[in-house]
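The values are calculated or read from the model by the stated rules, or taken from the named source; none is laboratory data. None of these values were measured; they are calculated from a predicted model. Backbone-built Cβ (ideal geometry, glycine too); neighbour counts: all protein chains shown. We work out accessible area using only protein heavy atoms, side chains counted, and drop any ligands, DNA or RNA first. Shrake-Rupley method; radii C 1.70, N 1.55, O 1.52, S 1.80 Å.
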Amino acid sequence: LCGDLKMQVPFLFSLLCLQVIKCKAAVLWEANKPFSIEEVEVAPPKQHEVRIKIMAAGVCRSDDHVITGALVMPFPVILGHEAAGVVESVGQGVTSIKPGDKVIPLFVPQCGECKTCLNTRGNLCSATDLGTNAGLMPDGTTRFTCKGKAVYHFLGTSTFTEYTVVPESAVAKIDSAAPLEKVCLIGCGFSTGYGAALQTAKVEPGSTCAVFGLGGVGLSVVMGCKAAGASRIIAVDINKDKFATAKELGATDCINPRDFKKPIQEVLMEMTGEGVDYSFEVIGRTDTMSAALASCQRNYGVSVIVGVPPAAQNITFNPMLLFTGRSWKGSVFGGWKSKDAVPKLVADYMKKKFVLDPLITHTLPWTKINEGFDLLRTGK
């Protein structure tokens, strides 16, 4: 009997944990409106799901795209996808994570079974919500309720809440000593930019790079180019206040397109002779995507789209730009296979192989999330 009881106690304990949690969340009820801090109900994790207590989250332009309507999502929704937290409970069948683990949610999951996960060249797992915008868990339901209404998820993560539920394939266990208020940036911004240079473009030592946009992701691209050994890194932004940080992180030149009467791609051509070896668009505008492509060396230049493209907009460009040999690539989450790479990136941070502090401009209580987005929109 005692032996049977010992076997049952952990099971009974887990059942007691798996209850609905009432907590606070920043709910977006409709586009072009501020977040509303609401009490929400967070359902227990189902099979192969994990419930996380969010300890720190970053604001990202991709979240703001939903607010402005540039990225179409169903409402109401809990946004946020760049965060770190502690596992509160796990559903049946979860083997890689346990309660108490420090984790980073992954907006690009890694199921390990789909065609992309099994291919060494890809990282956009078929289980991702990116591009589908369904706002639901894999079983087609949501774990959030507010005022009796179902609330949608965002990119399978929804981190602007005290508690969230994610699939096991969309969470990475990290070093228990890692400072969550720093490494939360590895959940999106840093990894996306750093990997765009190292993983997607594969920047080579001695090469010349141009980075369009010096937000957190763009600055992470600068860091990636420097880590790869680029000899010249030209930072491009209309906000001169970004230049000092860009130079601190490795930029050799900083230019403002508004200081010139000619297109920025012509300026870059003149600065480099034949154009840069690698260019990165880290803004999410179609005009700068075209300019970044045109600024590359015409035969072997590589341009990478890192910024999220606006919905319902197309690019018109001269096909000769590609015919001569340039390559145009996209990069989601820096090309990293998330579940494998995130723990390693956290370990590299702990070994001081790169810094994160320069990317953190403000630290606010999460109830001031609307102020955080105001700072984002004003370039601060």
Residue pairs, Cβ under 6 Å, 6 or more apart or interchain, first in the stretch 299-322 and touching a residue at least 60 places away in the same chain (Cβ under 8 Å), second basic (Lys, Arg). List them.
Val304/Lys329
Give Val304, Val308 a once-over and let me know the one that is touching a Lys or Arg at 6+ places or on another chain (Cβ under 6 Å) and either part of a strand (DSSP E or B) or open to solvent by 30 Å² or more (accessible area, probe 1.4 Å) (or both).
Val304
Subset of the stretch 31-50 (residues that are acidic (Asp, Glu) and open to solvent by 30 Å² or more (accessible area, probe 1.4 Å)):
Glu39, Glu41
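To keep it simple, each residue is scored yes or no on (1) more than 17 Å from the chain's Cα centre (by Cα); (2) under 22 Å from Ile369 (Cα atoms); (3) basic (Lys, Arg); (4) modelled with pLDDT of 95 or more.
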site	(1), (2), (3), (4)
Gly122	no, no, no, no
Cys125	no, no, no, no
Asp129	no, no, no, no
Phe160	no, yes, no, yes
Ala197	no, no, no, yes
Val203	yes, no, no, yes
Thr208	yes, no, no, yes
Leu219	no, no, no, yes
Ile234	yes, no, no, yes
Can you tell me how many residues in the stretch 68-85 are open to solvent by 40 Å² or more (accessible area, probe 1.4 Å) and either at pLDDT 95 or above or closer than 19 Å to Lys344 by Cα (or both)?
1
Can you find a residue that is within 30 Å of Pro34 (Cα to Cα), outside the structural domain of Leu106 (by the TED database) and surrounded by fewer than 12 Cβ atoms within 10 Å (Cβ to Cβ) anywhere in the stretch 315-337?
no
Taking the condition of being open to solvent by 10 Å² or more (accessible area, probe 1.4 Å) and either outside any helix (DSSP H, G or I) or not assigned by the TED database to the domain that holds Val276 (or both), how many residues in the stretch 287-301 meet it?
4
Six or more apart or on different chains, Cβ under 7 Å: which pairs go from a residue in the stretch 224-248 that's on the phi > 0 side of the Ramachandran plot to one that's not β-branched (Val, Ile, Thr)? Could you list them?
Gly229/Pro205; Gly229/Gly206
For Asn123, the lone unmet condition from (1) touching a Phe, Trp or Tyr at 6+ places or on another chain (Cβ under 8 Å); (2) in a loop (DSSP other than H, G, I, E, B); (3) closer than 23 Å to Ile54 by Cβ is (3)
Criterion first (of a type in the set (A, V, I, L, M, F, W, C) and modelled with pLDDT of 95 or more) does Val42 satisfy it?
yes
What number goes with the only condition from (1) among the hydroxyl-bearing types (Ser, Thr, Tyr); (2) open to solvent by 10 Å² or more (accessible area, probe 1.4 Å); (3) in a strand (DSSP E or B) that Ser279 does not pass?
(2)
Go through the residues of the stretch 355-362 one by one and say whether even a single one is open to solvent by 90 Å² or more (accessible area, probe 1.4 Å), within 23 Å of Ala177 (Cβ to Cβ) and either within 18 Å of the chain's Cα centre (by Cα) or not small (Gly, Ala, Ser) (or both).
no
Which pairs turn up if I take residues in the stretch 250-263 that are over 24 Å from Ala227 (Cα atoms) and look for partners that are part of a loop (DSSP other than H, G, I, E, B) and open to solvent by less than 80 Å² (accessible area, probe 1.4 Å) with beta carbon separation below 6 Å, at least 6 apart in sequence or on another chain?
none
The stretch 171-270: strands (runs of 3 or more DSSP E) wholly inside it with 3 or more residues that are of a type in the set (A, V, I, L, M, F, W, C) are 208-212, 232-236
Condition (residue is open to solvent by 30 Å² or more (accessible area, probe 1.4 Å), closer than 28 Å to Phe323 by Cα and of a type in the set (D, E, K, R)) applied to the stretch 227-235: is it met by at least one residue?
yes
Scan of the stretch 361-379 for residues that are in a loop (DSSP other than H, G, I, E, B), of a type outside the set (A, V, I, L, M) and in contact with a helix residue (DSSP H, G or I) (Cβ under 8 Å, 6 or more places away or on another chain), ordered by number
Thr361, His362, Thr363, Gly379
